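First the structure, in the form of structure tokens, and then the observations on it.
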Amino acid sequence: MIHNIVLTGVGGSGIVLVTRVLTRSAVKSGLQVKVGESHGLAQRGGSVTSHVRIGNDDVKRVGVIVPAGCGDVLVGFEPAETLRCLRLIKKNESLILVNTSSIQSPVHHARYEEYPPIDAIISVLRSHAGELRTVNASSLAASAGNPVTENMVMLGLFIGSKRIPEISRDCVEEQLRQLVPKPLLDVNLKAFELGFRQF
């Protein structure tokens with residue numbers, strides 16, 4: 001069995017770190033992993049999507065990008081970017097985890113494109129999801145002590161879903177201890193914990 005996970009958001013929101021923690025945790029748990037990334041604007045604030053495919057030996061025979069309609073979990077670090085990636089998931093079967101705190105891209109700031117209302121985005125996501133969980137990661141990250149730890153809230157939410165039961169919370173926390181600089185570790189662990197509790 002292969003777990004197809006799509007993580008999406010904007011540059012600078014910590015998707016790359018979450019992807020590293022998740023993939024290293026999977027390997028430590030005895031699983032096979034393939035990872036692919038796609039980027040929009042090559043700058044902070046541009047679209048970023050990570051494709052993570054986790055499983056056993058079957059993973060060796062597939063590509064790094066999750067094909068359209070094959071995603072099992074969509075982790076949305078930003079609402080509009082989550083909406084853009086809906087084509088990648090299995091309609092009415094997949095789990096969607098979405099941060100309701102928006103970050104408007106350079107396109108929106110330049111007013112070339114109007115940012116849709118959050119309620120409208122959530123309504124569309126709900127109509128496509130098998131299960132939808134929303135979280136205000138910005139608020140939880142602030143509660144943890146640093147608003148830039150939204151990514152750890154989303155990682156905690158995903159691990160709390162137990163969609164990949166082989167990957168334990170302890171294993172993820174161990175990878176965080178190895179990858180996060182020591183001065184920032186406690187606040188990141190706290191944000192992870194707050195996200196984990198949401199499920």
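The values are calculated or read from the model by the stated rules, or taken from the named source; none is laboratory data. Since we're looking at a predicted model, the values are computed, not measured. We place every Cβ from the backbone using ideal geometry, glycine too, and count neighbours over all the protein chains shown.
Yes or no: V48 under 30 Å from D119 (Cβ atoms), surrounded by 24 or more Cβ atoms within 10 Å (Cβ to Cβ), of a type in the set (A, V, I, L, M, F, W, C) and in contact (Cβ under 8 Å) with a residue 60 or more places away in the chain? So V48 does not fit the description; no. Residues in the range 81-101 that are at pLDDT 95 or above and in a helix (DSSP H, G or I): T82, L83, L86, R87, L88.
If I filter the range 51-66 for residues that are closer than 15 Å to N151 by Cβ and at pLDDT 95 or above, do I get at least one hit? Looking through the range 51-66, at least one residue is closer than 15 Å to N151 by Cβ and at pLDDT 95 or above.
Going through the range 62-72 one residue at a time, which ones are among the aliphatic types (A, V, I, L, M), in contact with a helix residue (DSSP H, G or I) (Cβ under 7 Å, 6 or more places away or on another chain) and buried (at least 17 other Cβ atoms within 10 Å of the Cβ)?
Of everything in the range 62-72, just one residue is among the aliphatic types (A, V, I, L, M), in contact with a helix residue (DSSP H, G or I) (Cβ under 7 Å, 6 or more places away or on another chain) and buried (at least 17 other Cβ atoms within 10 Å of the Cβ), namely V66.
Between L189, L185, L179, L132, the distinction of being in contact with a Leu (Cβ under 8 Å, 6 or more places away or on another chain) and closer than 27 Å to C85 by Cα belongs to L132 only. Restricting the first member to the range 1-30 and to residues that are in a strand (DSSP E or B), and the second to residues that are of a type in the set (K, R), the beta-carbon pairs closer than 7 Å and six or more apart or on different chains are I2/R53; H3/R163; N4/R53.
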